[in-house]
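The values are calculated or read from the model by the stated rules, or taken from the named source; none is laboratory data. If you're wondering where the values come from, they're calculated on a predicted model, not measured in any experiment. Neighbour counts are summed over all protein chains in view; Cβ atoms, including those assigned to glycine, are modelled from backbone coordinates with ideal geometry. Ligands, DNA and RNA are stripped out before the accessible areas are found, and what is left, the full protein with its side chains, is counted by its heavy atoms. Shrake-Rupley method; radii C 1.70, N 1.55, O 1.52, S 1.80 Å.
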Amino acid sequence: MRVLVTNDDGIDSPGLAVLARVALEAGHDVVVAAPARESSGASASLMGAEVDGRLKVEAKAAPGLPDGVESYAVRATPGLIAFVAAYGGFGGRPDLVLSGVNRGANTGHEILHSGTVGAALSAATHDIPGLAVSLASPNPANWETAGHFARPVFDWLVAR
C-alpha cells in the first residue's frame, strides 16, 4: 500500500517523521509531501505557487525521517498536496493519506479551518481514506505519543 504523509505545519515539522514511521513499520511504501512553509488554517483550500505552470516542488527531507523515504517541500496547501497526489503527482496514487502530526488541537469548530484535517478531507473527495492526527500543544514534547495512538487507527483503516 502507498501512503502519502503530509501536514499543515510544514516540511520542517518532526510530526511528519512520526507518521511516516507508523506506515513504514506496518510495511507500507511512504512518500512525504508537505508544505514548504507553515500552512495552518488553510482548511481544504487548493492554493499553490507555480513556476512556468508547474507547482513548485523541491526534494527536502523532514527532520528525523528514515533514510530512503521520498520527501518533498511543496509550495502549496495540504489540501492541494493531497489533490495532486490523487492524480499521481508524487509517484503513484496513494491508497491512504496520513496528515500531521499537527502542533495544537484540532477539535470542535477548529477542524473547519485546519489544514491538517483539510488534507484528509481533500483525499476523501478522491476516494482515498485519510487520517488527521494532532497533539493538543503548540510545542509538543512527546511526538511519539501521537504515533502510538495513530497506529491502531491506521491499521483499522488499512484493514478496510
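Counting protein heavy atoms only, the chain has 54 percent of its accessible area on carbon and sulfur, 1.4 angstrom probe. Solvent exposure of the stretch 2-41 amounts to 28 Å² per residue of accessible area, where only protein heavy atoms count and the probe is 1.4 Å.
Residues whose amide H comes within less than 5 Å of that of Gly130, counting only those at least five positions distant or on another chain, are Val97 (H built at 1.01 Å from N in the peptide plane). Residues Met47, Met1, ordered by accessible area of protein heavy atoms at a 1.4 angstrom probe radius and largest first, appear as Met47, Met1. In this structure the stretch 96-135 gives 40 Å² per residue of accessible area when probed at 1.4 Å with all protein chains present.
With both labels modelled 7 Å from their Cα along Cα-to-Cβ, the Trp156 to Asp52 distance reads 4.7 nm. Solvent-accessible surface (1.4 Å probe) assigned to Asp12 amounts to roughly 90 Å². The charge dipole of the chain, taken about its Cα centre with unit charges on the Cβ atoms of Lys, Arg (+1), Asp and Glu (-1) only, comes to about 120 debye. Spacing of the modelled spin labels on Ala136 and Glu110, each 7 Å from Cα toward Cβ, amounts to 0.9 nm. When P(r) over Cα pairs in 5 Å bins from 0, in percent is computed from the coordinates, the matching label among (i) 1, 8, 16, 18, 17, 14, 10, 7, 4, 2, 1, 0, 0; (ii) 2, 9, 16, 19, 20, 18, 11, 4, 1, 0; (iii) 2, 11, 22, 26, 23, 12, 4, 1, 0 is (iii).
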